[in-house]
1. In region 245-285, how many residues are under 15 Å from I366 (Cβ atoms) and either at pLDDT below 95 or more than 13 Å from ligand 2 (Cβ to nearest atom) (or both)?
2. Test G210 against the criterion of being more than 25 Å from V298 (Cβ to Cβ) and touching a residue at least 12 places away in the same chain (Cβ under 8 Å), and give yes or no.
3. Checking the conditions here, which among I272, I258, I221 is assigned to a strand (DSSP E or B) and of a type in the set (V, I, T)?
4. Looking only at region 336-394, count every residue that is among the hydrophobic types (A, V, I, L, M, F, W, C), under 30 Å from G320 (Cβ atoms) and outside any helix (DSSP H, G or I) and tell me the total.
5. In this structure, does G190 turn out to be in contact (Cβ under 8 Å) with a residue 24 or more places away in the chain, among the small types (G, A, S) and crowded, with 24+ Cβ neighbours inside 10 Å?
6. Could you say which residue among W409, W435 is touching a Leu at 6+ places or on another chain (Cβ under 9 Å), away from ligand 3 (no atom under 16 Å from the Cβ) and not in a helix (DSSP H, G or I)?
7. State all residues of region 452-470 that are more than 16 Å from ligand 3 (Cβ to nearest atom) and either surrounded by fewer than 21 Cβ atoms within 10 Å (Cβ to Cβ) or of a type in the set (F, W, Y) (or both); if no residue qualifies, say none.
8. When you scan region 101-108, do you find a residue that is out of contact with any helix residue (DSSP H, G or I) (no Cβ under 6 Å at 6 or more places or on another chain) and part of a loop (DSSP other than H, G, I, E, B), even just one?
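The values are calculated or read from the model by the stated rules, or taken from the named source; none is laboratory data. Keep in mind that this is a model prediction, so the values were computed, not measured. Cβ sites come from the backbone with ideal geometry, for glycine too, and all protein chains shown count toward neighbours.
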Amino acid sequence: MDVQIQPDPKFARIDTLFILLAEKDRPLDRIPLPDDLRGEIRGAIERSGFEGRMDEGITILATRGPKKIALIGLGKESQLTVRVAKAAAHGIGKISRRNRSTSIAVAFPYTLPDNDPLTTTRLFTDFLIHADYRYEAHLTVRDLEPALDIKCVYIPPSSVSSKDAKRIATEATAIAEGVRTVRDLGNGPGNEVTPTRLAERAVEVARQTGLTCKVFDKKQIEKMKMGGLLAVNRGSAQEPRFVILEHAPRKAKRTVCIVGKGITFDSGGISIKPSERMEEMKFDMCGAAAVIGTMQTVGRLELPVHVIGIFAATENLPSGTAYKPGDIVKTMSGKTVEIVNTDAEGRMILSDALHYASTLRPDHIIDFATLTGACVVALGNEASGLFSNDSDLARKLIESGEKVGERLWRMPEWEEYKEQIRSEWADVKNSGGRWAGAVTAAVFLGEFVDCPSWAHIDIAGTAWTESETARERRGATGIGVRLMVRFLESLA
Ligand code: BES
Ligand code: MN
Ligand code: ZN
């Protein structure tokens with residue numbers, strides 16, 4: 001929805017005013033409201049017996065100001081997290097759509113943990129922009145749930161000046177735009193979001209936000225000897241792409257490379273996956289999408305950090321020319337890999353992308369990949385797996401994630417795990433077997449990284465949801481953008 005930040009909206013034009021309240025808390029004084037409206041809300045709370053429990057919601061007709069007042073419970077204030085706020089925003093989107101409210105206002109009289117009033121306002125605004133997100137590019141019959149244009153006013157705390165409000169609104173829009181790019185690309189079907197299309201989208205984003213973008217086609221990828229990417233691509237009729245997006249402001253002190261896995265469909269290849277839920281493997285490019293979306297926001301916000309976004313893209317399909325178990329592949333780094341499972345393709349394309357990133361000598365390399373089912377087994381959908389050779393970087397990323405509700409959980413990458421990917425026939429093999437699958441995948445990637453400050457983020461469990469959750473609709477979550485923007489801001 002379209003969200004404005006405005007301390008004194010014209011309430012007479014508002015259909016529903018949403019007031020978010022923690023349990024047994026009545027912080028109405030903190031919401032800048034006309035006195036008569038505040039009195040109206042107080043009365044409504046009393047008459048309705050509203051307590052503010054989690055998921056409690058009451059809508060009442062107002063006698064003045066907006067047509068309706070909706071009270072939404074947030075649960076205990078001590079348990080008020082960013083994720084609770086995101087769920088509240090999602091709930092507001094659903095209620096508005098159900099009630100066909102096209103003009104709403106929202107007051108959230110709290111400061112989120114690890115945030116201040118400004119970042120709370122920015123984050124909540126961004127969540128609200130996404131609260132009615134849907135991917136409907138391919139729906140031709142929409143009678144059941146027609147689309148609705150919702151205009152929303154977010155009422156900030158009085159400590160936010162009108163100048164701040166303007167800036168915050170611009171920033172929230174830029175962040176939400178990047179997140180939307182990730183969600184749209186992720187939700188897009190594999191026959192549309194091909195490696196070529198992914199690269200085209202990167203070019204579009206670069207043009208719109210003043211980034212530079214280089215796209216390498218198959219011939220150029222061959223010239224660069226990216227054997228990992230080419231091996232995975234051999235089963236596909238679609239050409240691979242290798243893409244570099246760059247934001248290079250003059251005053252930047254640090255350089256960060258963000259690398260993404262862009263498998264636009266992962267069938268497993270010759271080591272084919274079971275057909276059940278294979279359709280979800282269109283999301284296997286969400287790491288690359290996170291790179292594109294982050295670069296879009298970074299370009300729009302003109303963050304004073306040198307950021308290079310890199311992704312490798314291909315399909316992973318079986319065919320008469322596909323790479324096979326037993327094959328030995330020479331990667332761009334010169335290291336050879338024995339293929340034991342063609343379904344461990346993400347690490348093959350990342351071996352080249354991470355090696356390439358290392359040659360640029362950045363201060364930090366951070367990669368995003370829907371890399372392993374094992375990571376989903378370990379952490380489910382509540383956190384992404386974090387692997388890093390730099391504890392300082394790991395801590396900063398974890399903190400940035402906490403601030404925006406994109407949790408990271410650190411996993412080990414100890415030397416001993418290398419034993420599992422030792423090969424008799426090549427320098428390494430591409431699968432370490434069943435145990436510690438997320439870790440051995442990370443350790444494999446580490447073989448191709450030459451950078452003292454690298455982090456690998458396994459988003460296999462967090463990049464999309466199988467069904468609607470409290471926080472978002474089914475499909476791509478847009479993970480990565482909010483996390484990276486906060487992290488990059490902390491470096492600036
Ligand atoms: N894209 C998958 C990982 C994945 C699986 C993400 C399920 C989300 C949900 C990846 O390419 C893959 O297939 N990994 C294998 C590795 C194994 C063959 C070593 C896996 O996790 O099973
Ligand atoms: Mn796979
Ligand atoms: Zn994959």
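1. Counting residues in region 245-285 that are under 15 Å from I366 (Cβ atoms) and either at pLDDT below 95 or more than 13 Å from ligand 2 (Cβ to nearest atom) (or both) gives 9.
2. no
3. Among I272, I258, I221, only I258 is assigned to a strand (DSSP E or B) and of a type in the set (V, I, T).
4. Going through region 336-394 one residue at a time, the tally reaches 6.
5. no
6. W409
7. Scanning region 452-470 gives P452, S453, W454, T465, E466, S467, E468, T469, A470.
8. Within region 101-108 (the criterion being out of contact with any helix residue (DSSP H, G or I) (no Cβ under 6 Å at 6 or more places or on another chain) and part of a loop (DSSP other than H, G, I, E, B)), the answer is yes, since at least one residue qualifies.
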